[in-house]
Amino acid sequence: MKTQAVVIADDPVYLSWLENAAGSSAEFSLIRPLDAEDLVERVQVMGRVDAAFFQFERGNLDARLSMMERLVERAPDIAVAGLGADSNPDVVLAAMRAGARDFFVLRRDEADVAALLSKLLRRSQAAPRGQQKQGRLFSVFASQPVDSVGFVAAHLALACAEQLPKAEPTLLIDVATPPGSSAIFLNIAQSYSVLDAINDVYRCDQTLVDTAFSRHASGIYLLSLPEDLIGRPQFVFDDFLKLLQVLRTLFGCMVVAFDAHWPIDCVAGVLGQADRSLLLSDQSIIKSRHSKYLLRALRLEDCPLDRTALLVDHYHKRQGLEPENLAEILDLPLYGRLSASVGHGRIQAMNAGEAMFAIAPKEPFCADVRALASALLGAQARMEVPKGGLSRLFG
């Protein structure tokens, strides 16, 4: 059966190009709707429509985006793609955020148009997200804003990616403050932030990930707060939780970094979704006290903490509170310790925008984080540390 497609374009050259490139595999009809409602009515009258192609240029961008969004809303089973004379990144991203699952460039890759059309239809007919495998979600959080949260979370994501197959990609989501920490530590110039993704939550799919999400040379993906954000980020928290649910169907592993300067019910919302949550603290009295106040507030809200444990960072032997004592005070299981730098490896890595694995691979911190990732990935059913995983950290 031939694919039935409509082409919304001002220039008929797009119609003839698609017809010639796709050959006998599809039939295309050119339409020039007055507005979004007119487009929906015309498509409904046509009966079966498998795909819709929208020509974009800067002069018609807003009008076409409105049409595309309306068609996606009213006819979600129709595969939608953009068309353009070139692959301007701003136009392509706008089309993807409006619901496009691909973007075809005029007279480019003509031999592949039939295959791309077939791929477009397969994406549209993919199983509902609820039937897809759920990736693992680990959260790293602290009672107060500290740069250690982003640093540890970034290295945990890198270590998880090292241990997972390529078919299970890793995503780092950093909504902690200072804003943009992970992007700075990994030297990633981010053009699409976590705030953009929250706004696009109902448009988020693999195409948007491939088009808009930043990616590190290691292969991990990143969504971070904008580096130039002043003050606390403003967003709809329910949409953030929805975003986490959607992204779990697209990634094998997610690491979420945040701090507790959110309302308690928001903190509880993330803890409720995570497979494992690690409360990051050091051996100082000030951080231990704030951690205790946070946990008390969470318990008063009846937040389940059965998947939450303590992770002690910057660990020094016989200096300040011992981790076992701190865990007892907080009434949390101790998950592990991350060694303090023996030299200046951590600050050098931060300033260079390079991972500790590259800057100071012999630092104990590197082995600790890899052991931590191994324990998290291998012990999903309980909070106990696997034998041989982090056991050396408890010596």
### Task
Pop the C-beta distance of VAL342 and ASP306 into the FRET formula with R0 = 30 Å and round what comes out to the nearest 0.05.
0.25
### Message
As I understand it, the value is the acute angle between the Cα axis of helix 147-163 and the longest principal axis of the Cα atoms of the chain; what does it come to in degrees, rounded to 10?
### Response
70 degrees
### Calculated from backbone phi, Karplus (6.51, -1.76, 1.60) coupling profile of segment 278-285 in Hz, x at Gly/Pro
10, 7, 8, 8, 10, 8, 7, 5
### Message
If amide hydrogens are placed 1.01 Å from N in the peptide plane, which non-local residues have theirs closer than 5 Å to the one on MET254?
### Response
ARG136, LEU137, PHE138, LEU171
#### Entry: Extension reserve of the GLU162-ALA115 stretch, reckoned as 0.36 nm per residue once the Cα distance is removed
13.7 nm
### Query
Between ARG232 and LYS362, what is the label-to-label distance in nm when each label sits 7 Å out along the Cα-to-Cβ direction?
4.6 nm
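If r is the Cβ-Cβ distance from ALA189 to GLU73 and R0 is 25 Å, what FRET efficiency results, to the nearest 0.05? The partial results should precede the final answer.
Numbers: r = 33 Å, r/R0 = 1.32.
About 0.15, to the nearest 0.05.
How long is the gain from GLN44 to GLU57 if the chain were fully straight, where each residue apart is worth 0.36 nm and the alpha carbon distance is subtracted?
Numbers: separation 13, 0.36 × 13 = 4.68 nm, distance 2.57 nm.
Full-extension gain reported as 2.1 nm.
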### Query
[x] 76, 43, 39; [y] 97, 56, 28; [z] 58, 47, 31: which one is Cα extents along the principal axes in Å as calculated from this entry?
[x]
### Query
What is segment 124-227's relative contact order, in percent, from Cα pairs under 8 angstrom and six or more apart in sequence?
31 percent
### Query
Which of the peptides 270-276, 254-260, 60-66, 31-37 is most tightly packed, and how do the rest follow, going by the mean number of other Cβ atoms within 10 Å of each residue?
254-260, 270-276, 60-66, 31-37
### Query
Could you give the nm distance between label points at VAL105 and GLN319, where each point is 7 Å from its Cα heading toward the beta carbon?
5.3 nm
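Using mean Cβ contacts within 10 Å as the protection proxy, how do 354-361, 226-233, 144-151 order, highest first? Please report the intermediate quantities before stating the final value.
Values: 354-361: 17.8, 226-233: 11.8, 144-151: 21.8.
Packing order, densest peptide first, comes out as 144-151, 354-361, 226-233.
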### Message
For segment 186-334, what are Rg and Dmax over the alpha carbons, in angstrom?
### Response
17.3, 51
### Query
Using Cα atoms only, what is the angle between the long axis of helix 237-247 and the major principal axis of the chain, expressed in degrees (0 to 90) to the nearest 10?
80 degrees
### Task
Starting from the amide H of VAL80, placed 1.01 Å from N in the peptide plane, find each other amide H under 5 Å away whose residue is 5 or more places distant or on another chain.
ALA52, ARG101
### Query
Of all accessible surface on the chain at a 1.4 Å probe, what whole percent is carbon and sulfur?
49 percent
### Task
Output ³J(HN,Hα) for segment 200-216: one whole-Hz value per residue in order, computed from phi by the Karplus curve 6.51 cos²θ - 1.76 cosθ + 1.60 with θ = phi - 60°, and x for Gly and Pro.
9, 4, 7, 10, 6, 8, 4, 5, 5, 4, 5, 8, 10, 5, 6, 9, 7
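The values are calculated or read from the model by the stated rules, or taken from the named source; none is laboratory data. On a predicted model such as this, the values are computed, not experimentally measured, just so you know. For neighbour counting, all protein chains shown are included, and Cβ atoms are generated from backbone atoms with ideal geometry for every residue, glycine included. Just so you know, the surface numbers come from the protein's heavy atoms only, side chains and all, with ligands and any DNA or RNA stripped out. Shrake-Rupley method; radii C 1.70, N 1.55, O 1.52, S 1.80 Å.
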